[in-house]
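Here's the structure we're looking at; comments come further down.
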Amino acid sequence: MKVSYKWLKELVDFDWSPEELAGKLTDAGVEVETITPLGSGLEKVVVGEIKRVQKHPQADHLSVCEVEIGSEFLQIVCGAPNVKEKVKVPVALIGARLPLGMEITKTTLRGMDSFGMICSEKELGIGEDQKGIMILDSQLKIGLPIAVALDLEDHIMDLDLTPNRADCLSIIGVARDVAALFGSSVKKPQIEFTETEESTKDWVEVGIEDSVACPRYAARMIKDVRIKSSPFWLKRKLESVGMRSINNVVDVTNFVMMETGHPLHAFDYDLFSQKKVLVRRAKSGEKFITLDQVERTLNNEILLITDGKKPVAIAGIMGGMESEVSTNTKNVLLESAYFNPKVIRRGRIYLGISTEASQRFERGVDPNGVINAANRACQLLEELAGGKVLKGVVDNYPAPIIPVCVTLRPQRVNRILATNLESKGMVQILKRLEMEVSENQDLKVTIPTFRPDLCREIDLIEEIARIYGYDKIETSLRASGNLVTCVNVEDELVRRLKRLLVGKGFFEVLTNNLVDPRISKKLCPDLLNVRMQNPLSEEMSVLTTSLAHNLLSVTNWNKNRKEEDLRIFELGKVFIAKENKMPQERLHLGLAISGKKDPIHWGIKESEVDFYDLKGVLESLADDLFLSFRLNPKKNALLKSNDSFEIRIDGESVGIVGAVREEILELFEIKDKVFIAELDFEKFLGCIPKEKPFLPLPKFPPVDRDMAIVVDEEILSERISEKIKIVGGDLIEELILFDVYRGKQIPPGKKSLAYSIRYRLRGKTLTDEEVDTIHQKVILELEESFQASLRK
């Protein structure tokens with residue numbers, strides 16, 4: 001937000017220099033990043049009057065002018081098409097160095113000497129017009145320095161506002177803070193204009209389909225406007241705050257927005273198909289051409305302004321080509337509305353555009369400032385465009401927004417700030433900020449709707465502190481309040497899991513979410529990538545859909561630097577695009593292992609990590625959180641077909657685990673085996689029981705039985721374990737697979753699985769006969785279900 005020092009001086013009486021003002025505002029929480037002086041570089045530019053113009057004898061497009069600058073007459077050769085006699089113009093004298101870097105010297109053009117230059121707005125750095133020389137007001141004194149004549153000397157302050165200070169996205173909003181700091185008041189413009197006998201209600205009706213998205217919409221009519229260039233003062237003010245002049249009507253709406261903070265929009269009324277404004281949601285896939293001549297595809301999150309048949313603007317963001325004000329415009333429909341900040345933000349993000357209007361609407365404008373902004377624009381349109389303002393306003397405001405009332409306790413203010421302020425001083429500060437205060441034992445403060453960020457007592461205390469001055473509050477070493485901050489359940493679980501993984505020898509990694517779309521598509525071919533609009537490079541143009549990409553990149557980086565043995569994990573976001581919807585953002589937990597299982601030691605035989613090492617880590621995490629999971633074979637583009645499993649908890653898929661395919665490893669130039677697990681962390685957290693299960697210590701001894709069975713190679717141990725638990729029921733306390741054997745004693749295509757089963761009853765001691773019976777029943781069921789044979 002750019003703010004003109006001179007514009008502020010028009011609204012508030014204060015005697016601070018620009019530098020002092022910047023310091024005061026910054027100390028009060030309205031940070032001033034830079035101060036840029038204007039009017040420099042124009043020291044040798046003065047007001048001159050063209051007395052005589054003659055055609056150049058050797059060039060048809062040049063004119064030889066005799067220009068009076070007060071003390072003397074100069075001969076200046078000029079090529080502008082609008083040069084003429086008896087007009088006053090800015091004249092750059094010999095030795096002048098203009099803002100754009102041009103230095104003025106005596107020159108000879110086609111045999112004629114030129115002793116200066118008649119300047120355009122562009123050459124002076126005060127506008128964009130460079131089609132001809134700048135014609136000045138005829139009342140200006142000849143010889144007067146141009147910076148003085150045009151009141152160009154100013155300082156522009158660039159503010160870095162926090163998102164909650166939407167009220168400071170206007171000159172009046174900043175002036176309000178300046179007045180509060182200086183102890184003055186804001187001199188707001190007096191709004192006066194003449195209304196015709198015709199009523200606006202006869203020209204337009206306003207309908208709102210979604211009053212949550214658009215709580216208020218007001219319209220005014222201005223007839224018989226004359227579209228032309230804006231006067232210099234208006235152009236100058238707009239340019240001082242970073243806006244380009246277009247024409248007098250559009251400039252008025254922009255000026256009112258910068259002055260009051262309330263965006264307006266002017267429509268060419270005659271381009272409407274009927275006398276109606278209808279505010280509605282866009283239809284999914286609906287097309288609309290915005291003012292920047294781009295056809296945009298909309299979704300049902302976007303709010304549209306329509307004439308009841310066709311859209312004419314995207315609410316709060318940008319107007320449309322088919323209702324734009326042009327040189328042919330005669331009748332203007334003026335929009336002043338309040339849109340839901342969330343709706344504007346979602347629409348702006350979906351469309352990928354940000355405008356001055358959307359910045360204000362998504363932070364929250366004043367819903368009760370709608371009419372004031374419209375009336376201010378009508379005053380200026382009557383003055384600058386000769387418009388006739390029709391009587392009344394069509395104002396659709398179904399549920400008026402009421403200002404919030406907050407109780408403020410003066411003793412609490414002093415206790416929190418460690419001050420001794422009187423209640424009277426607090427009231428003065430709040431009233432200077434345009435809040436209504438009723439005094440009693442406590443203060444009842446009515447907060448104006450242009451400050452939606454203030455809703456609690458502590459907010460008012462902060463307002464008092466920043467206007468009173470943080471520098472006046474003495475430093476206190478006494479602690480007050482509770483110094484302990486509660487940690488929410490999710491954060492505590494994250495810390496717990498990270499500690500467990502670090503205890504297992506893992507290192508946490510933090511990676512960039514921008515990845516190569518070519519590789520991302522091979523890892524997750526079924527998922528759509530979220531693409532960046534302005535990527536730094538094609539290799540960093542999409543957001544990752546899987547943490548596997550990040551973990552494999554880290555693995556490659558480390559192995560290239562001789563760090564061969566890796567155990568790494570990352571807790572990070574993945575992003576998945578959805579057709580005609582907002583992208584999905586999920587928190588995932590990724591783990592990767594590669595290299596040797598144990599550090600080199602003379603007493604340990606070297607071996608490489610395998611699938612079971614990673615599975616064991618997952619089991620440790622599950623055990624610590626009182627979870628149990630099962631692995632189901634499931635093919636995945638990332639993992640080998642024989643080592644690819646889906647992780648399921650309580651019947652819900654929460655992730656994958658397995659060995660990375662050779663083709664994927666080649667993409668990352670990794671030669672060693674890598675095993676990866678990736679969990680949807682949000683689903684995983686949802687499965688964790690809120691209460692910890694507890695079993696009392698057993699009073700009766702267990703009975704242990706071992707058995708080894710031979711089954712087909714493709715039968716998973718998990719299926720057999722489930723069958724044993726079903727048959728044994730509550731009698732089985734523990735089941736452990738303690739051996740897997742393939743060898744000479746086992747037929748080809750078969751494997752031997754050895755289990756240890758612990759039987760126990762909570763209520764009595766089991767006899768051998770009871771255990772033998774149930775154990776035999778288990779064996780028979782396995783023989784029947786899996787054609788297993790007991791190995792002896």
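The values are calculated or read from the model by the stated rules, or taken from the named source; none is laboratory data. Please read these numbers as outputs of a predicted model, since none were measured by experiment. Note that each Cβ is placed from the backbone with ideal geometry, even for glycine, and that neighbours are counted across all protein chains shown. These accessible areas exclude ligands, DNA and RNA; they are computed on the full protein's heavy atoms, side chains included. Shrake-Rupley method; radii C 1.70, N 1.55, O 1.52, S 1.80 Å.
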* Structure fact -> Between the Cα axis of helix 547-559 and the main Cα principal axis of the chain, the angle (0 to 90°, nearest 10) is 80 degrees
* In square nanometres and to one decimal, what's the mean projected area of the convex hull around the Cα atoms of the stretch 78-179? => 9.7 nm²
* Asked: So what are the stretch 493-554's ellipsoid semi-axes, whole angstrom, largest first, if each one is the square root of 5 times an eigenvalue of the alpha-carbon gyration tensor?
  -> 28, 12, 11
* Structure fact -> Quick shape check on the stretch 192-298: root eigenvalues a ≥ b ≥ c of the Cα gyration tensor, a/c under 1.5 is rounded, otherwise prolate if a/b tops b/c, else oblate, and it reads oblate
* **Folded to 0 to 90 degrees: helix 370-385 orientation relative to the chain principal axis, Cα** => 40 degrees
* To do: Would you please classify the overall shape of the stretch 44-130 from the alpha carbon gyration tensor, given that a ≥ b ≥ c denote the square roots of the eigenvalues, rounded means a/c under 1.5, and beyond that prolate means a/b larger than b/c while oblate covers the rest?
  => rounded
* Structure fact -> Other residues with Cβ under 11 Å from the Cβ of residue 147 give, with Lys and Arg +1 and Asp and Glu -1, a net charge of -3
* Structure fact -> Within the under-10-Å Cβ sphere about residue 94, not counting residue 94, Lys/Arg +1 and Asp/Glu -1 give a net charge of +1
* Where the Cα atoms of the stretch 440-537 are projected onto their three principal axes, how long is each span, largest first, in whole Å? -> 70, 41, 27
* Cβ charges +1 (Lys, Arg) and -1 (Asp, Glu), total dipole of the chain, debye -> 520 debye
* Asked: Relative to the first principal axis of the alpha-carbon coordinates of the chain, what is the inclination of helix 341-351, with its axis defined by its Cα atoms, in degrees from 0 to 90 and to the nearest 10?
  -> 80 degrees
* Asked: In whole angstrom, how far apart do the alpha carbon centroids of the stretch 756-781 and the stretch 490-537 sit?
  -> 48 Å
* Asked: Can you pull the percent of the stretch 384-442's accessible area that's carbon plus sulfur, 1.4 Å probe, other chains left in place?
  -> 48 percent
* Structure fact -> By the Cα gyration tensor axes a ≥ b ≥ c (a/c under 1.5 gives rounded; else a/b larger than b/c gives prolate, otherwise oblate), the shape of the stretch 650-792 is oblate
* Structure fact -> Residue span residue 561 to residue 109: 0.36 nm per residue of separation minus Cα-Cα distance leaves a gain in nm of 155.9 nm
* **Expected 222 nm ellipticity per residue - DSSP helices of 4 or more, -39500 (n - 2.57), all of the chain, to 500** => -8000 deg cm²/dmol
* **Solvent exposure, largest accessible area first (probe 1.4 Å, DNA, RNA and ligands not counted), of 762, 220** => 762, 220
* Divide the volume of the convex hull of the Cα atoms of the chain by its number of residues and quote the answer in cubic angstrom per residue. => 293 Å³
